[in-house]
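Novice: Handing you a structure now.
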Amino acid sequence: MAGPDLVVIGGSAGGMKALRDILTSLTDIGDCVVCVVMHRPPDPSPLIEVLRTYTAIPVHEPPDSPWPCPPGALTVAPAGYHLLVGRGRRLSAEPHAAIAPYETVPGVRAHLALDPPVAHSRPSIDVTFAGAADFAGSAIAVLLSCANEDGAAGCAAVKAAGGRVVLQNPTTCEAPVAVNAALRRLTPDHIADPAGIGRWLKLALGATPG
């Protein structure tokens, strides 16, 4: 199967430790866009700076909305905002295209939203994962340790659309609530501890095993 255009990773309690271990194994993401959603308070936090200590892969928060997610980098959901993802769009060059004034173009575009919290969280994992489902078979959803069921429905949406779903092994989760909820909904394409997820993603992204 061809490498994905988009990988979405979500978690909360215990998720940061799991993400650190994934990034230790995953040192190169090629031209893929990786979006990260971690439950966090609405106040500014040093999450970006912490993630930059985990990896040499560039890490960004969208400074505006909409924002084109750079390939080969991590795009992180900002505190207090839902991160919606979709295909990049541009104005049509056709002057009379009143019915369809936009055309889908390659890439991933992030939109920030102040809609109500989902599963008591903003950013919500389900919100981002639901957008990733629009990428069908070119999307991978990775659900990590999380203390509520946020992310389970999003994993099901990605799987139903033809994408792939990877779950952290619940025995390695600090809080396995979301992963167990996902397992009740679907059969994942892979389940592993965080380091194993990193190695699986490395192969899925077409990197040379190291």
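Coordinate-derived values only; no laboratory data. These numbers were taken from a predicted model, which means no experiment stands behind them. A quick note on method: Cβ atoms are made from the backbone with ideal geometry, for glycine too, and the neighbour counts reach across all protein chains shown.
Novice: Please give me the summed charge of the neighbours of Pro71: other residues whose Cβ is under 15 Å from its Cβ, Lys and Arg +1, Asp and Glu -1.
Specialist: -1
Novice: Could you let me know the centre-to-centre spacing of the range 170-210 and the range 45-78, using Cα atoms, in angstrom?
Specialist: 21
Novice: Provide the gained length on full extension for the span His111 to Asp31, in nm with one decimal, where the gain is 0.36 nm per separating residue minus the Cα-Cα distance.
Specialist: 26.8 nm
Novice: Something else now. With only alpha-carbon atoms in the gyration tensor, what are the semi-axes of the equivalent ellipsoid for the range 6-204, in Å, largest first?
Specialist: 26, 18, 17
Novice: Using the Cα centre as the reference, give the magnitude of the dipole from point charges on the C-beta atoms of the chain (Lys, Arg: +1; Asp, Glu: -1; all else neutral), rounded to the nearest 20 debye.
Specialist: With only Lys, Arg, Asp and Glu charged at Cβ, the dipole is about 260 debye.
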